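Accompanying notes for the structure given below.
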Amino acid sequence: QVQLVESGGGLVQPGGSLRLSCTASGRLFELAAMGWYRQAPEKQRELVARITSSGYTNYGTSVRGRFTVSRDSAKNTVYLQMNSLKPEDTAVYYCNADFSTRTYWGQGTQVTVSS
């Protein structure tokens with residue numbers, strides 16, 4: 001059993017910054033990667049950023065250059081630093097954890113970018 005808890009969402013003005021955190025707990029053997037996906041109203045869920053156990057990162061094309069994913073392995077925590085936020089970034093952000101045979105998701109945290 002694995003649990004993921006996100007935090008750090010909220011309301012921010014265009015051009016501002018937020019940092020999201022996600023902490024995993026439970027049985028964490030064979031954890032291969034953690035990352036972030038987002039889903040805006042009437043749109044499908046899309047990759048934001050992902051980091052593997054070896055430190056390799058992937059980014060969605062719409063956020064590359066503005067967002068940075070990082071991790072603290074000792075705390076089983078992944079972070080998403082979001083800079084230069086745009087209204088188009090408004091969405092529910094979901095933490096994701098990939099194991100060798102299973103995938104887990106957090107409950108989601110709302111990010112709203114608006115003036």
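The values are calculated or read from the model by the stated rules, or taken from the named source; none is laboratory data. Just so it is clear, the structure is predicted and the values come from calculations on it, not from any experiment. Here the Cβ is made from the backbone with ideal geometry for all residues, glycine too, and neighbour counts use every protein chain on show. Quick note on the areas: whole protein, heavy atoms, side chains included, nothing else; ligands and nucleic acids left out. Shrake-Rupley method; radii C 1.70, N 1.55, O 1.52, S 1.80 Å.
Given the options Arg66, Arg45, Arg50, name the one that is closer than 17 Å to Val113 by Cβ and modelled with pLDDT of 95 or more.
Of the residues listed, the single one that is closer than 17 Å to Val113 by Cβ and modelled with pLDDT of 95 or more is Arg66.
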Considering residues of the stretch 56-76 that are within 16 Å of Leu20 (Cα to Cα) and among the aliphatic types (A, V, I, L, M) only, the residue surrounded by the fewest Cβ atoms within 10 Å (Cβ to Cβ): Val69
Here the residues within the stretch 4-42 that are open to solvent by 40 Å² or more (accessible area, probe 1.4 Å), in contact with a strand residue (DSSP E or B) (Cβ under 7 Å, 6 or more places away or on another chain) and among the small types (Gly, Ala, Ser) are Ser7, Ser17, Ser25, Gly26, Ala32
Determine whether the stretch 23-30 contains at least one residue that is more than 22 Å from Ser115 (Cα to Cα) and of a type in the set (A, V, I, L, M). yes
Find the residue count for the stretch 24-49, including only residues that are over 11 Å from the mean Cα position of the chain (by Cα) and under 18 Å from Arg102 (Cα atoms). 10
Determine whether the stretch 77-97 contains at least one residue that is free of Cβ contacts under 8 Å to residues at least 40 places away in the same chain, surrounded by 15 or more Cβ atoms within 10 Å (Cβ to Cβ), hydrophobic (A, V, I, L, M, F, W, C) and within 20 Å of Gly8 (Cα to Cα). no
